[in-house]
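Heads up, the thing below is written out as structure tokens.
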Amino acid sequence: MSKALVVYFSVYGTAKKTAEEIARQTGADLMEIEPVVPYDSNRDHYNALAKLAKQQHDTNARPAIKNEIPVRDYDTIFVGYPMWWYTFPMILYTFFDKYDFSGKTIVPFNTHMGSGDGGTYRTIKELEPNANVLAGLPMEMSDAERGNAKAVSQWLQKLGLK
Ligand SMILES: Cc1cc2nc3c(=O)[nH]c(=O)nc-3n(C[C@H](O)[C@H](O)[C@H](O)COP(=O)(O)O)c2cc1C
């Protein structure tokens with residue numbers, strides 16, 4: 001099996017932490033989806049971020065990605081993100097619009113504060129009908145912050161990826 005890639009988008013750092021744990025346990029490469037216009041990661045400014053995210057959601061925006069992600073070089077790609085307004089951040093649409101996942105395996109994971117995956121794993125299947133989308137891992141924010149090695153390990157074992 002070729003090397004896997006873990007790619008993530010994260011503002012408050014919890015999806016990042018989960019991504020790092022997955023990369024540590026699988027030996028996969030790790031890359032961040034970096035927006036051209038950065039989001040404010042200061043949690044005291046949550047209301048402003050919530051407003052911006054809602055606006056981007058309601059206008060079906062496609063926030064631009066700054067860096068190139070070498071999706072074509074990998075067969076298995078873990079994709080991680082937080083829940084924003086009951087779905088994934090709009091930059092994930094940019095990501096799935098931009099790259100072709102035909103014939104590849106996508107392994108989704110996400111952080112949240114109660115919404116679980118919010119139907120986003122199904123959305124990924126709809127956006128990438130020619131990819132094999134495996135069962136994802138929804139991770140509650142506080143669990144992700146406390147450390148998530150065990151949950152990640154059990155999930156990877158169940159999928160046969162470890
Ligand atoms: C703008 C915004 C919208 C959010 N909307 C939801 C939501 O609809 N459902 C939910 O469970 N959590 C929601 N959350 C909580 C985040 O999913 C949670 O804080 C997550 O751990 C953040 O991931 P990150 O640390 O990788 O940025 C929202 C957070 C933000 C900032």
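The values are calculated or read from the model by the stated rules, or taken from the named source; none is laboratory data. Small disclaimer: the values here were computed from a predicted structure and weren't measured. Positions of Cβ are backbone-derived with ideal geometry, glycine not excepted, and every protein chain shown enters the neighbour counts. When the accessible area is computed, the model is the full protein with side chains, heavy atoms only, and any ligands, DNA or RNA have been set aside. Shrake-Rupley method; radii C 1.70, N 1.55, O 1.52, S 1.80 Å.
Values computed for the structure shown
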read-out	value
Charge dipole (debye, nearest 20) of the stretch 5-159; +1 at Cβ of Lys and Arg, -1 at Cβ of Asp and Glu	200
Å² of accessible area per residue within the chain, as computed with a 1.4 Å probe and no ligands counted	51
Protection-proxy order for peptides 130-140, 34-44, each taking the mean of Cβ atoms within 10 Å per residue, highest first	130-140, 34-44
Rg/Rg_globular for the chain, with Rg_globular taken as 2.2 N^0.38 Å and Rg from C-alpha atoms	0.97
Extended-chain gain in nm, criterion 0.36 nm per residue less alpha-carbon gap, residue 61 and residue 113	16.4 nm
Listed peptides 54-63, 72-81, 92-101 by packing density, highest first (mean Cβ within 10 Å)	72-81, 92-101, 54-63
Percent carbon-and-sulfur accessible area, the stretch 86-130, ignoring ligands, DNA and RNA, probe 1.4 Å	46
Percent RCO, i.e. relative contact order, over the chain, from Cα pairs under 8 Å lying at least 6 residues apart	24
